[in-house]
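Since the structure comes first, as structure tokens, the remarks are kept for the end.
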């Protein structure tokens, strides 16, 4: 079985390591365009940490989080042994160690503050033993619709603020690809001046090409794969596996482009005539199809909205990135559909991958 090595994230590793070697002061959001490798990065980093750190890595992707109990259960790792003994002997956990009886008590109380108070006490115990706790929550956006009286988000981030800015007792990292959720969190949890950001972007051209060359790609193959996939790690790995299994790389690239083209068409435009999007010059003819799950009822019949979507995408006809001042409904729609990635720090928006950029340009330019 082919095992693809962890590749060249020195810049991001160095940035996070510097944070870990200083006093905890801020909540850190690690974000990326989808499938750019943020989870792999953080898991690799965890393996490299010394025993001076005690890591609690909670991956909400592996959990069904539909209510308060689901979320509270996701934060903890049920243990029978004495908590103090566990903390003294281990440095990496899938959650905060707790007994089943105590966890059941939190469920009965239905109050997140009691569970969070237990977490604070556990963190303090670790600090008293001379170690530095690190709390990491992956796929954070899954809690977005969970409410307990007020938003759980507000209570949760009050906990994180207490652990970092107030007690300086624990490094807290939140991992997500959903900028719209970050925007909501920032507004609801009052995070101004209390958070930092680390971007895990696609590989640069130089790094991506060196990565491919390491697996035997010649110059022509490297240029072909870069031209279609850019530096998106997940696609580069697919190309490597395809080459090693003897597949035709050009066919692979075209297959993925055609598939992504179809996905974006389905997300943006009602389809007609067996799935084709019709363009005539610069005019787009749009026929309404049920979009109630994508935009609100009053807007989904408004042809002007859809024309505005196409007008915004037309900005990428001759450039890769676009600056923005604030998030409009059009921008939220395209980000929510995972067509565009919005960078809150650099204040730019761009297609989620080079493949998305090529698909967008095909939609704009082809007379299908």
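The values are calculated or read from the model by the stated rules, or taken from the named source; none is laboratory data. Only a predicted model underlies this, so the values are computations on that prediction, with no experimental measurement involved. Cβ coordinates were reconstructed from backbone atoms using ideal geometry, including for glycine residues, and neighbour counts include every protein chain displayed.
For residue 295, the conditions (1) assigned to a loop (DSSP other than H, G, I, E, B); (2) at pLDDT below 50; (3) over 23 Å from the mean Cα position of the chain (by Cα); (4) on the phi < 0 side of the Ramachandran plot are fulfilled apart from (3).
Return the only residue of 49, 103, 159, 135 being more than 22 Å from residue 180 (Cα to Cα), modelled with pLDDT of 90 or more and surrounded by 18 or more Cβ atoms within 10 Å (Cβ to Cβ). Explain how you work it out, then say what you get.
Values: 49 fails: surrounded by 18 or more Cβ atoms within 10 Å (Cβ to Cβ); 103 fails: modelled with pLDDT of 90 or more; 159 fails: more than 22 Å from residue 180 (Cα to Cα).
Among 49, 103, 159, 135, only 135 is more than 22 Å from residue 180 (Cα to Cα), modelled with pLDDT of 90 or more and surrounded by 18 or more Cβ atoms within 10 Å (Cβ to Cβ).
Please tell me if residue 187 is at pLDDT 90 or above and part of a helix (DSSP H, G or I). Criteria not met by residue 187. Within the range 190-214, restricting attention to residues that are within 13 Å of the chain's Cα centre (by Cα) and assigned to a loop (DSSP other than H, G, I, E, B), which residue is surrounded by the most Cβ atoms within 10 Å (Cβ to Cβ)? In this case the residue turns out to be 202.
I need the full set of residues from the range 190-224 which are at pLDDT 95 or above and touching a strand residue (DSSP E or B) at 6+ places or on another chain (Cβ under 9 Å), in order please. Once the filter is applied, which keeps residues that are at pLDDT 95 or above and touching a strand residue (DSSP E or B) at 6+ places or on another chain (Cβ under 9 Å), the range 190-224 yields nothing.
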